[in-house]
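**Student:** Take this structure, written in structure tokens, and hold onto it; I'll ask about it next.
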Amino acid sequence: MPPPGYQPAWVILDGDDPSKILARAPKSLWTPTDQPWMEGKAPWTCNVPQVAFLEAAHPAGGDSFRVYFGGADTVVGAALVEFEKVAGVACEN
């Protein structure tokens, strides 16, 4: 099995200057190896194993976002991603 390909993450851009990154994920939200159906192993055979990607995201209230994703060119899904600023912990820039 090849190593994981696309792995979704997040980034927060400056609303006044989107070329400035305010914060970014320290690691991916998930990786295809987290779930057997994203790995592309039987019975979930697929066109491109080891790939997870985001198709769309929209605000879901507060610091939450609903994301729509695909996995291994065979499944689609939705997830709720919630962010929380933790005092004393710096975001990666």
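The values are calculated or read from the model by the stated rules, or taken from the named source; none is laboratory data. All values derive from a computational prediction rather than experimental measurement. Please note: Cβ atoms are built from the backbone with ideal geometry, for glycine as well, and neighbour counts cover all protein chains shown.
**Student:** Being touching a residue at least 40 places away in the same chain (Cβ under 8 Å) and closer than 13 Å to Leu29 by Cβ is the filter; apply it to region 66-78 and report the residue that is surrounded by the most Cβ atoms within 10 Å (Cβ to Cβ). Full working, then the answer.
**Tutor:** Taking region 66-78 as the starting set, the residues that turn out to be touching a residue at least 40 places away in the same chain (Cβ under 8 Å) are 67, 69, 72.
Going one step further and asking which of them are closer than 13 Å to Leu29 by Cβ, we end up with 67, 69.
On the way: Val67: 18, Phe69: 20.
Here the residue is Phe69.
**Student:** A further question on this structure: State which residue is farthest from Gln7 (Cα to Cα) when the search covers only region 34-71 and only residues that are at pLDDT below 75 and hydrophobic (A, V, I, L, M, F, W, C).
**Tutor:** Ala42
**Student:** For region 57-83, what are the residues that are assigned to a strand (DSSP E or B) and among the acidic types (Asp, Glu)? I'd like the intermediate steps shown before the answer.
**Tutor:** To start, the set of residues in region 57-83 that are assigned to a strand (DSSP E or B) comprises 57-59, 64-71, 75-82.
Glu82 - this is the single residue of region 57-83 that is assigned to a strand (DSSP E or B) and among the acidic types (Asp, Glu).
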